[in-house]
1. Which of the residues that make up segment 31-54 are within 16 Å of ligand 2 (Cβ to nearest atom) and either closer than 23 Å to Y96 by Cβ or surrounded by 13 or more Cβ atoms within 10 Å (Cβ to Cβ) (or both)?
2. Name, by its number, the condition in (1) modelled with pLDDT of 95 or more; (2) surrounded by fewer than 24 Cβ atoms within 10 Å (Cβ to Cβ); (3) of a type in the set (A, V, I, L, M); (4) assigned to a loop (DSSP other than H, G, I, E, B) that does not hold for A206.
3. Taking segment 273-315 as the region of interest, how many residues are at pLDDT below 95 and surrounded by fewer than 19 Cβ atoms within 10 Å (Cβ to Cβ)?
4. Restricting the search to segment 13-28, which residues are under 12 Å from P102 (Cβ atoms) and in a loop (DSSP other than H, G, I, E, B)?
5. Taking only segment 307-332 into account, find how many residues are charged (D, E, K, R) and in contact (Cβ under 8 Å) with a residue 40 or more places away in the chain.
6. Only one of D211, D160 is at pLDDT 95 or above, within 20 Å of S108 (Cα to Cα), surrounded by 22 or more Cβ atoms within 10 Å (Cβ to Cβ) and acidic (D, E); which?
7. Does L77 satisfy being surrounded by 15 or more Cβ atoms within 10 Å (Cβ to Cβ), away from ligand 2 (no atom under 16 Å from the Cβ) and either at pLDDT 95 or above or not in a strand (DSSP E or B) (or both)?
8. Regarding segment 60-72, can at least one residue be identified that is outside the structural domain of L248 (by TED's automatic domain parsing), within 16 Å of ligand 1 (Cβ to nearest atom) and either over 18 Å from K177 (Cα atoms) or over 23 Å from the mean Cα position of the chain (by Cα) (or both)?
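The values are calculated or read from the model by the stated rules, or taken from the named source; none is laboratory data. Keep in mind that this is a model prediction, so the values were computed, not measured. Glycine gets a Cβ as well: all are built from the backbone with ideal geometry, and neighbour counts include every protein chain shown.
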Amino acid sequence: MKCPACENACVRPAVEVLAGIEQRYMACRDCAPEPNLDKALKLVSLPGKIERCQLCGRATLDAVMLDALRVLRDFGLRDDLDTLRSVGTPLIDVGYPLAYSPRLGRKSLIILGEGLTKEAAEAMQMLIPEIKGVILSKGVPGVYRSGAKPLENVLLAGCDMRADICQSLFGELVIYKSQSKIHIEFSRQSAPKMRILEQLCLQGKASEVVDGLTGPGTLGLMCALAGSKHVVLNDAWLPAVQNVLLNLEANRSLLGIVDIEYPERPTKMVGKEPVLVGRARGPCAIEVYHGDLTRLFERAEPAGLCLIDHFPGQETKILEKACSCCNEVIIV
Ligand SMILES: [Zn+2]
Ligand SMILES: [Zn+2]
């Protein structure tokens, strides 16, 4: 599968990713222990370069962040009084709840930071082998409410495509995200939503589901994995819908998908009237719409269950009203 962001092989079928996940970040027999540097220590007090493992060639997270901090200092964007924390948020290429600090191979870390320039980001990505991409953070990306201008972070260098492994009682899915355009959700934040979903599935309420603000498709696709017969995924934000289509393809064999059609092409960045952009056949019939949730049921069939996974603090009254044709609307 070609990565839509960089055209390299960043996107692998979910079954392949899951098969290698246990080994992916584990130390080899020669890996030095994680230095566990104090994240509040100033650069002047931090050690020099930390060498990569002689045997497997991989680095600890501290080693990569230390190199990144030095590049930023050389560009005048940080100084000797800054800390490792000042670099930004490190996001591993395939997010997975780890009980240990990851050992990082080539192009396995994306850094999301503030106060970065394109030149510095390109240097970080060129000089530090583990860095896959650098994103300038401007806030939480996505569409907050219909009509509002969407907020996007900026990919400064490399590729921003990464995945999270989403786990539930029903199994695992690999959900790819164009991380400069899709909000970041750590597994501790998504876990409560997954518990709600599991309960709804176990109660038999999820045979037909609408995932109204689906983002990259996490909840809706998990329903499909859990045995739903019909799932509608919708989002107004074009990058989200493009990620959903990619995730259908990546998780094709896990979901038993027989074929995927692309009936209409989305055109706007922020969709209004519902456009059917994808349809998958298999044990679960899946439809993907690009459009405003308040207008979804002009085209899509209402379902027994409608999930609304909104941004924190976002007003949901209008959305709930628009989805009241479904038997049950759950704000997750
Ligand atoms: Zn890529
Ligand atoms: Zn090693």
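1. Hits for segment 31-54 are C31, A32, P33, E34, P35, I50, R52, C53.
2. Against the list (1) modelled with pLDDT of 95 or more; (2) surrounded by fewer than 24 Cβ atoms within 10 Å (Cβ to Cβ); (3) of a type in the set (A, V, I, L, M); (4) assigned to a loop (DSSP other than H, G, I, E, B), A206 comes up short only on (2).
3. Here the count works out to 6.
4. Y25, M26, A27
5. Adding up the residues that qualify gives 3.
6. Step by step, each of D211, D160 is checked, and only D160 is at pLDDT 95 or above, within 20 Å of S108 (Cα to Cα), surrounded by 22 or more Cβ atoms within 10 Å (Cβ to Cβ) and acidic (D, E).
7. Against the criterion (surrounded by 15 or more Cβ atoms within 10 Å (Cβ to Cβ), away from ligand 2 (no atom under 16 Å from the Cβ) and either at pLDDT 95 or above or not in a strand (DSSP E or B) (or both)), L77 qualifies.
8. Scanning segment 60-72, I find no residue that is outside the structural domain of L248 (by TED's automatic domain parsing), within 16 Å of ligand 1 (Cβ to nearest atom) and either over 18 Å from K177 (Cα atoms) or over 23 Å from the mean Cα position of the chain (by Cα) (or both), so the answer is no.
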